[in-house]
Amino acid sequence: MKIRTFLMSAALGFYAYTVYQNRDQIKQEANEMEELWSNGEKSLEKIKHQIDSVIVEKDQLNKVTQDLKHKIDNFKQEAETHIEDIKQKRL
């Protein structure tokens with residue numbers, strides 16, 4: 001057996017032993033990461049839903065804004081017409 005093969009086998013064995021010793025901690029960290037990932041996915045879904053809601057509300061606000069602008073323009077035109085009528089009656 002060459003020395004390189006022996007050293008690689010020894011390093012691999014040590015690594016395997018260390019992993020085995022820390023298996024509970026590794027399992028716990030893996031579970032925590034899985035939980036964090038799951039929570040992240042849930043948060044992403046919530047954010048996507050909220051973005052969709054904001055888009056719908058934005059569209060509704062745009063419609064209301066356009067309607068109000070139209071009504072204000074009509075009111076201004078009617079007010080100007082009435083003001084002109086009043087001015088003409090005074091003269």
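Some observations on this one:
- Segment 35-51 residues that are touching a residue at least 24 places away in the same chain (Cβ under 8 Å), paired with ones that are surrounded by 10 or more Cβ atoms within 10 Å (Cβ to Cβ) and polar (S, T, N, Q) (beta carbon under 6 Å, 6 or more apart): none
- Residue in segment 70-83 that is assigned to a helix (DSSP H, G or I), modelled with pLDDT of 90 or more and under 21 Å from the mean Cα position of the chain (by Cα) present: no
The values are calculated or read from the model by the stated rules, or taken from the named source; none is laboratory data. The structure presented is a predicted model; accordingly, all values stated were derived computationally and were not measured. Glycine also receives a Cβ, built like all others from the backbone with ideal geometry; neighbour counts cover every protein chain displayed.
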